[in-house]
Amino acid sequence: MTNDTDNNIKSMSCIEHNKSFKVICFTCNKLLCLRCSFNHIKDQPDHCEHSEHIDDIKQALKDISNNDNSENSVNNYDNNSNIDNISDKKQHSTFIESRIDSIWKSLKSSSERYQTLTAKENQIKQHFEQLHQHLITEEHKLKKDIIDDIDKITNEINDNVNELKHLNNILNMNINLMSMNDDHSNNSSSSNDGDSVVLDTTEQYSTITSIISISSSSSLLSFIKDNRQTLFNDNNKKINTKEQLEQYSNNPSLLLLDSIYKYNNQFQPDRMTGERVYSFNDKSEHIFNIKV
Ligand SMILES: [Zn+2]
Ligand SMILES: [Zn+2]
């Protein structure tokens, strides 16, 4: 049967009736001559409306093209219009015509649905973009005052620690002066202060480190002691004190008084105006003297 059909299609005519094909049954997808078609519809009447004559199909294809290209359709199909006696025009009667119509409607509907969905998606996207932007703005608004306060407190801590270094320097100077006096009277100049052991330290002393240390220290003295090798580094202070003392005619009181005067001179303007003046003079460099 299949071989017969294949042979029929190759010859484009019905071998049984020796007539050329004129009809296609779309249900069976079979090419038929007029006699075969008559028999086929007799055997399977419901295939009648799915069987189409080539002339109807030609007319329908012409109509479709004329509708689609109404401007260009003048001559394109005129050559075919007088081939056979054409049966009466039927609106959307052919299989191809209805398929084209159905596909076009489906494409139209899908495209509209697609555009509606992407518009909705875009709307949601924009809504959340605005929300994100709003949240970022709110976050910055809420954080701004806190960040300003943190900056002020950081400056305050740094200023106070800086002043404390100067005061600690004076305290150490006094200890060194007393110790030198003792050394002199005891004739034991080779004594080594335990605290003045030189330790190399490259630790970056940040404000955060200061804050952690301040929080964990029970007293100011333990804070200074804990940070003796870093923040309040006084390596070689004893030697420096000796050198300095020579500049004051070996008069410890004069050295102390002048140190206190210089310290007060540096920090007094801040206390008077309530504002800190950031001055980094030779003294502060001296105190930050960390051996690397
Ligand atoms: Zn059929
Ligand atoms: Zn036939």
Taking only protein heavy atoms and a 1.4 Å probe, the highest-to-lowest accessible-area order of R99, R228, R35 is R35, R99, R228
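So for the stretch 17-67, averaging the separation of alpha carbon pairs under 8 Å that are six or more residues apart and normalising by length, what relative contact order in percent results?
With pairs under 8 Å counted, the relative contact order is 35 percent.
The values are calculated or read from the model by the stated rules, or taken from the named source; none is laboratory data. Model, not experiment: these values are computed from the prediction. Heads up: the accessible areas ignore ligands, DNA and RNA and are worked out on the full protein's heavy atoms, side chains in. Shrake-Rupley method; radii C 1.70, N 1.55, O 1.52, S 1.80 Å.
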